[in-house]
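Here is the structure we will look at, set down as structure tokens.
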Amino acid sequence: MAERSFKSEVKKLHAGEGELFHGEGILAVTKALLQSGVSYVGGYQGSPISHLMDVLADAREEILDDMGIHFETSASEATAAAMLSASVHYPLRGAVTWKSTVGTNVASDALANLASGGVTGGAVIIIGEDYGEGSSIMQERTHAFAMKSHIWLLDPRPNLPSIVDMVEKSFELSEASHTPVMLQMRIRACHVHGQFVARDNRKAEFSLQDALQNPKRDLSRVVLPPATFLHEREKIEARLPAAIEFIKAQELNEFFPGSREDVGIILQGGSYNTVIRALEHLGQADAYGQSQISLYVMNVAFPLIDDELLRFAQGKSAVLLVEEGNPEFIEHELHTLFARAGCKTQLQGKAVLPRVGEYTTDVVKAGIRNFLQAQTTDLLQHETALSFVPARSLSVETLTDVVPARPAGFCTGCPERPIFSAIKLLQKERGDFHISCDIGCHLFSILPPFNLGATTMGYGLGSASASAFNVSSDKPAISIMGDGGFWHNGLTSGVGNAVFNKSDGVNLIIDNAYTAATGGQDILSSRATNTNLATNNPISRAVEGVGVKWVRTLTRTYDVTAMLKTLREAVSTKGQGPKVIVAQSECMLNLQRREKRSKRADLKAGKRVSEARFAIDEQTCTGDRACIRLSGCPSLTVKENPDPWRSDPVTRIDNSCVGCGLCGENVHADILCPSFVRVEVVRNAGRWETFRRRLSQSVIRRLQKRAQRRHEIYQLDGAA
Amino acid sequence: MTTLDKQRFNIAITAMGGQGGGVLADWIVGMAEAANWHAQTTSVPGVAQRTGATIYYLELFRPQPGDADTRRPVLSLSPASGDVDLVVAAELMEAGRAMQRGFVTPDRTTLIASSHRAYAVAEKESMGNAIADSDSVHVTAAEMAQRYICFDMAALAEQCRSVVSAVLFGAIHGSAVLPFGREDFEQAIRRGGVGVDASLAAFAAGAAQAEANRKPENPVVPSPPAEGWHYRGQDGGIRQLLATIERDFAPTLQPLLQEGVRRMLDHSDLRYAGRYIQRMQRLEALDAEADAGGEAVGRCSTVAARTLGLWMAYEDTIRVADIKTRSQRFERLYDEVGIDADQVSHFTEFMHPRLEEVAETLPAGLGRWVLRTRWAGRLLEVLFAGPKKLSTQGLCGFVSLYLVAQLRPLRRFSLRDAIEQTQIDAWLEQLERTLVADYDLGCEVAALPELIKGYSKTRERGLRSFRAISAAARALSGRSDASEILRNLKTAALLSEEGSELEAALQRHQLGHLFEPLPGKQQASAGCASQYVDAAAR
């Protein structure tokens, strides 16, 4: 079950014509899909569209099943893209979603094939464009994929009515031009809370069952020569003109005329709110978006509509293009367009705006100001400093050395942390290893305090990225993969590859029973039962199935000593092919959520409930913090040394400790200090337990009093 | 003052995972929408969904006559510098970060921040003290914010058994920066429907505190140095020893030495306290002579009183067992987890004594013999060493630790004591010699034992740095920049466990040979053994 439940929110999806719908961007997209009459939906979770998958999963019983919509959690983005092939021959509308560009990279094989043959039913890909602040991936543009495969790219204005409208239009565009369509949602748009007026949900007239009963095939749609040559011609000669025709007729792009005739701004829909705010700061627009400067808003970022652009540029001496990201594909195309058409309007884009990075209000404001100063004779001419930009005082500069970076890290009690503690201990014994990492929570190992891992090449590719080091060495490469990446492709690309090529490397597979990094969704090897999905398929059996001989499954990652022992054995075993260690413990976030609920119920029912957490004896802690360097747990923190004679802070465990036990295990495995104590509190204790406690306490108290007498001689009025 | 009649309010909330930033944003939006305002919120969680910081950004737009359906405001999805009315930081350094990003400006921004700290990994993992300076944030905030409201909201939340977001929401109300009434705020919490009573209590507490305290909290005054120890008991020996302090030492030194005596009594006994004072007497005499020029009186002795005291009160098995069985410690643990002594609970102590620690508890001769004799060592190891979990609320666990603590009077015959006293004497000897030759260098040497911290391997690592730098001090004696070099070496020693920075620093002064390579797994026992041989030879 996913980390966040949308069970109550999905009830809103029943909203009918005219009802006001409040909610997050992704919830609005789901509603728009229902209003569009989709027959199937798929995808792979990942920020910023993880919640879209969660909403869909939670909506399944609430509404999708009733509407005859098939939803599935695809094994990978490639699976999701291939799913769209249902729309090739049949008038079925389908949508898939993923995080981009990483997901698009994975999906690109299927996407290119889909785009070549074209589609009959509307095929839409909701793209979570993970770019700019908050992004967790390489900074690239999905735009390149749209251009190379000829998939139309919509980039709607980031308000819910526009987004919902564009989702609906994207299906129509796809059908009108027999081309798949991508709809791009930026990070903030995915999470934006707003409202829109709903329309009725629409059930598809042609169902998946209809297709199966009346199967169709058309050789000209299959990607195989000579049809492929036909497809290329069709893209340019038939589908593109049809798309342009539709976009123009439906006015998908918007003209916002201003009072100025001489200059204008061309922008992608996604940047609209930012541009308006920048213009407002510069005194060129009001709070309602009424701008003095004319705007041409491209809710369709690809293809460009030549005559609309030329019409906008006509009569203007200069236009500014606000195009986020690089390379600046639109700017290049616009230059070509203007040159070919003999348009003399000056085009400025990256000349006044930065070539890289997110276009925030501050950035866009500076660009527009420079543009207007240069291209007009009257606007902002005397502006020496930007309004709204505060002078940074000296004291702000001093904060540079004060405010610490706060990189993401493992959660409190995370079962992955002890695995890296063990690797750190292994390295203390044997020196450093080459470690190749993967995508997932476990990638936090590359950060302090672990500092483990040299590369991360893509989801599920941890093992594959160590494949070059398939040479004899007393220090074999160690590769790490999560269960999410393993099922995404790591089983074949990594483990199968290592078996086939007789690699001697060590493959550590971290099995926390969920794709934890994307929000705790279930996967094939999840231990929970899920009525809609087939879980409980062990990773160990899968790797044995592809021929791994040396497999060790550890069912409690917190046992650092056992983990260390297994690692030692793995790195020193030779000639048995790849060594696979499956390290299993449930994601602590999910475990806690489950346990809290059941403990509350038990407590109410009067059953015995015990809760444990760790604490530290501040009198024995000497403030070296070797424990923190081996753990990094958020609940393991510091405080001022209570002993005024010592200056270094002591370790402290705060109330967020969930008692996972790692601190104790580390004390034993690395021979740390004796300051750690586990405190277990029992509620609703039984009679026997209470009696035993009273008995032992009476003896302990007597002994403590006896010892106290010794201290009394000098503790009279003592300072400490 | 912020004008309450303005059209749009821009709000940035910075919070870490689990602090309820999302809930706070929802309350504010709910409150605004209930009043028919246009409200928009968005967030950038990204990988910060785990433990990083998340920024929530909200815009609230007052409905204007004539808006109807035709005009809707265009609201921004991200904060722009100079365009934020209210910044809410759920942690102090996040307030600092908001200021760095230009969200806080003197002409309009109210900054509400909780003064508590959630330390970053970089602050926590350091071997020395790397805690960021909160005062810098307070100083900047006082300068950059139109109004700065800062108090410990986490503590307040804990008192109310709620989370920091509810206190922040109260502080927003208390700051009177938004044009909504108390009822509107409370209604928003009620609509949320989860933990309403606790949230309302925390809200009220936050509001009251913010109203009362619209100025920054006074920076925390560091606790004054130990006052010394005023003994009022009747024990003749102790009184005599304290009289000696009054007679023989400068008044500025006396509180330190009194406290030292208390520590020795707590650690061992009066005889041991006497030894501490004797050692200090020798040192102070030399100090007074060397420092005849008379800068700060007895600078070196002041440092040494502390480092010698800490070293002499070393943590051996007896000391640890003593601390772990004390009633005050039990009380502190009950208090920490919020229970009383009568509630059923269990303490599990995690310890890992090695053969060395076990042998060190034995009488010196016997201990050395055990370490030399393979079969005896093996036997002791099997019996007492290795990873241990002890239940100190169970009779068996408590009594065994209690008995170890009772060995205290015999401590002075133990191998550990022999080793420590030999090392202390060697250090004091070097200190005395250095003091006479180079006073500044002497003060550095006096502070050197600060490097020796922790237990078993951690302590060995500290001792290794200590030995290397002590040797460096001997080698550098006579150089005018010796004390400065020594200070740098000490800093370098605290940069990493492996000591590579210290090694590099030593090499820069052609002293690389003084650095003992870290004993590998195989050599570890040999390395330890040499320490015992050393101790024996002296």
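The values are calculated or read from the model by the stated rules, or taken from the named source; none is laboratory data. Quantities reported herein were computed from a predicted structural model and do not represent experimental measurements. Glycine also receives a Cβ, built like all others from the backbone with ideal geometry; neighbour counts cover every protein chain displayed.
Mind listing whichever residues of region B:242-287 are of a type in the set (A, V, I, L, M, F, W, C) and surrounded by fewer than 15 Cβ atoms within 10 Å (Cβ to Cβ)?
B:243, B:250, B:285, listed by residue number.
Could you please find all residues in region B:126-156 being in contact with a strand residue (DSSP E or B) (Cβ under 7 Å, 6 or more places away or on another chain), assigned to a loop (DSSP other than H, G, I, E, B) and surrounded by 20 or more Cβ atoms within 10 Å (Cβ to Cβ)?
Within region B:126-156, just B:145 meets the criteria.
Can you tell which of A:324, A:331 is at negative phi, part of a loop (DSSP other than H, G, I, E, B) and either touching a residue at least 60 places away in the same chain (Cβ under 8 Å) or away from every other protein chain (no Cβ under 14 Å) (or both)?
Within the list A:324, A:331, the selection yields A:324.
Of everything in region B:384-399 that's assigned to a helix (DSSP H, G or I) and touching a residue at least 40 places away in the same chain (Cβ under 8 Å), which residue is nearest to the other protein chains (Cβ to nearest Cβ)?
Restricting to residues being assigned to a helix (DSSP H, G or I) and touching a residue at least 40 places away in the same chain (Cβ under 8 Å), the top hit is B:398.
Which one of these does residue A:598 not meet: (1) under 32 Å from the mean Cα position of the chain (by Cα); (2) buried (at least 16 other Cβ atoms within 10 Å of the Cβ); (3) of a type outside the set (D, E, K, R); (4) more than 7 Å from every other protein chain (Cβ to nearest Cβ)?
Residue A:598 satisfies all of (1) under 32 Å from the mean Cα position of the chain (by Cα); (2) buried (at least 16 other Cβ atoms within 10 Å of the Cβ); (3) of a type outside the set (D, E, K, R); (4) more than 7 Å from every other protein chain (Cβ to nearest Cβ) except (2).
Table: residues versus (1) over 16 Å from residue A:335 (Cα atoms); (2) in contact (Cβ under 8 Å) with a residue 12 or more places away in the chain; (3) surrounded by 23 or more Cβ atoms within 10 Å (Cβ to Cβ).
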{"residue": "A:261", "(1), (2), (3)": "yes, yes, no"}
{"residue": "A:274", "(1), (2), (3)": "yes, yes, yes"}
{"residue": "A:282", "(1), (2), (3)": "yes, yes, no"}
{"residue": "A:285", "(1), (2), (3)": "yes, no, no"}
{"residue": "A:293", "(1), (2), (3)": "yes, yes, yes"}
{"residue": "A:300", "(1), (2), (3)": "yes, yes, yes"}
{"residue": "A:303", "(1), (2), (3)": "no, yes, no"}
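Being under 16 Å from residue B:15 (Cβ atoms), in contact with a helix residue (DSSP H, G or I) (Cβ under 7 Å, 6 or more places away or on another chain), at pLDDT 95 or above and more than 9 Å from chain A (Cβ to nearest Cβ) narrows it down to one residue among B:154, B:89; which is it?
Sole residue among the options that is under 16 Å from residue B:15 (Cβ atoms), in contact with a helix residue (DSSP H, G or I) (Cβ under 7 Å, 6 or more places away or on another chain), at pLDDT 95 or above and more than 9 Å from chain A (Cβ to nearest Cβ): B:89.
Against the definition (away from every other protein chain (no Cβ under 14 Å), part of a helix (DSSP H, G or I) and within 14 Å of residue A:267 (Cα to Cα)), how does residue A:338 come out, yes or no?
Criteria not met by residue A:338.
Scan B:459, B:479, B:474, B:433 and give me the residue that is charged (D, E, K, R) and touching a residue at least 12 places away in the same chain (Cβ under 8 Å).
That would be B:474, the only listed residue that is charged (D, E, K, R) and touching a residue at least 12 places away in the same chain (Cβ under 8 Å).
Kindly establish whether residue B:96 is facing chain A (nearest Cβ under 9 Å), at positive phi and buried (at least 21 other Cβ atoms within 10 Å of the Cβ).
no
Mind checking which pairs have a first residue in region A:3-16 that is over 17 Å from residue A:196 (Cβ atoms) and a second that is at pLDDT 90 or above and among the hydrophobic types (A, V, I, L, M, F, W, C), Cβ under 6 Å, 6 or more apart or different chains?
Once the first residue is over 17 Å from residue A:196 (Cβ atoms) and sits in region A:3-16, its partners that are at pLDDT 90 or above and among the hydrophobic types (A, V, I, L, M, F, W, C) give A:6/A:55.
Can you pull out the residues in region B:109-125 that are at the interface with chain A (Cβ under 7 Å from one of its Cβ atoms), part of a loop (DSSP other than H, G, I, E, B) and touching a strand residue (DSSP E or B) at 6+ places or on another chain (Cβ under 9 Å)?
Residue satisfying the conditions is B:119 alone.
Quick one: residue A:476 ticks every box in (1) more than 24 Å from the chain's Cα centre (by Cα); (2) part of a helix (DSSP H, G or I); (3) touching a residue at least 40 places away in the same chain (Cβ under 8 Å) bar one, so which box is it?
Unmet for residue A:476, out of (1) more than 24 Å from the chain's Cα centre (by Cα); (2) part of a helix (DSSP H, G or I); (3) touching a residue at least 40 places away in the same chain (Cβ under 8 Å): (2).
Mind checking which pairs have a first residue in region B:127-146 that is more than 8 Å from every other protein chain (Cβ to nearest Cβ) and a second that is acidic (Asp, Glu), Cβ under 8 Å, 6 or more apart or different chains?
Sorted first by the residue in region B:127-146, then by its partner, the pairs are B:130/B:123; B:138/B:217; B:146/B:107.
Picking from A:36, A:50, which residue would you name as being polar (S, T, N, Q), out of contact with any Pro (no Cβ under 7 Å at 6 or more places or on another chain) and at pLDDT below 95?
Matching residue, one of A:36, A:50: A:50.
Quickly run through region B:404-418 and pick out the residues that are free of Cβ contacts under 8 Å to residues at least 60 places away in the same chain and within 14 Å of chain A (Cβ to nearest Cβ).
Listed by number, the list holds a single entry, B:406.
Go through region A:46-103 and report how many residues are basic (Lys, Arg) and surrounded by 22 or more Cβ atoms within 10 Å (Cβ to Cβ).
Number satisfying all stated conditions: 2.
Just one of the numbered conditions (1) crowded, with 24+ Cβ neighbours inside 10 Å; (2) farther than 24 Å from residue A:410 by Cβ; (3) touching a strand residue (DSSP E or B) at 6+ places or on another chain (Cβ under 7 Å); (4) facing chain A (nearest Cβ under 9 Å) is not true of residue B:28; which one?
(4)
If residue A:356 satisfies every condition in (1) more than 11 Å from chain B (Cβ to nearest Cβ); (2) in a helix (DSSP H, G or I) but one, which is the exception?
Residue A:356 satisfies all of (1) more than 11 Å from chain B (Cβ to nearest Cβ); (2) in a helix (DSSP H, G or I) except (2).
Which of the residues belonging to region A:664-706 are over 38 Å from the mean Cα position of the chain (by Cα), surrounded by 17 or more Cβ atoms within 10 Å (Cβ to Cβ), assigned to a helix (DSSP H, G or I) and more than 7 Å from chain B (Cβ to nearest Cβ)?
If the condition is that a residue be over 38 Å from the mean Cα position of the chain (by Cα), surrounded by 17 or more Cβ atoms within 10 Å (Cβ to Cβ), assigned to a helix (DSSP H, G or I) and more than 7 Å from chain B (Cβ to nearest Cβ), then A:697 is the only one that fits.
For region A:479-492: of the residues being under 19 Å from the mean Cα position of the chain (by Cα) and surrounded by fewer than 24 Cβ atoms within 10 Å (Cβ to Cβ), which is farthest from residue A:454 (Cα to Cα)?
A:487
Given the residues A:256, A:246, which is the only one that is away from chain B (no Cβ under 14 Å) and in contact (Cβ under 8 Å) with a residue 24 or more places away in the chain?
A:246
Under 16 Å from residue A:584 (Cα atoms), in contact with a Pro (Cβ under 9 Å, 6 or more places away or on another chain), crowded, with 24+ Cβ neighbours inside 10 Å and among the aliphatic types (A, V, I, L, M) - does that describe any residue in region A:493-516?
yes
Tally time: how many residues in region A:201-242 are touching a helix residue (DSSP H, G or I) at 6+ places or on another chain (Cβ under 7 Å) and within 25 Å of residue A:17 (Cβ to Cβ)?
Qualifying residue count for the region: 2.
Here are B:331, B:349, B:356: which of them is touching a strand residue (DSSP E or B) at 6+ places or on another chain (Cβ under 6 Å) and charged (D, E, K, R)?
Only one candidate passes the filter, namely B:349.
If you take just the helices (runs of 4 or more DSSP H) that sit entirely in region B:302-382, which of them hold at least 2 residues that are within 12 Å of chain A (Cβ to nearest Cβ)?
Because the criterion is at least 2 residues that are within 12 Å of chain A (Cβ to nearest Cβ), the helices (runs of 4 or more DSSP H) in region B:302-382 that meet it are B:317-325, B:327-337, B:355-361.
With respect to residue A:526, determine if the residue is surrounded by 17 or more Cβ atoms within 10 Å (Cβ to Cβ) and over 22 Å from the mean Cα position of the chain (by Cα).
Considered against the rule, which asks whether it is surrounded by 17 or more Cβ atoms within 10 Å (Cβ to Cβ) and over 22 Å from the mean Cα position of the chain (by Cα), residue A:526 comes out as no.
Has region B:157-164 got at least one residue that is free of Cβ contacts under 8 Å to residues at least 40 places away in the same chain and outside any loop (DSSP other than H, G, I, E, B)?
Yes, the conditions are met somewhere in region B:157-164.
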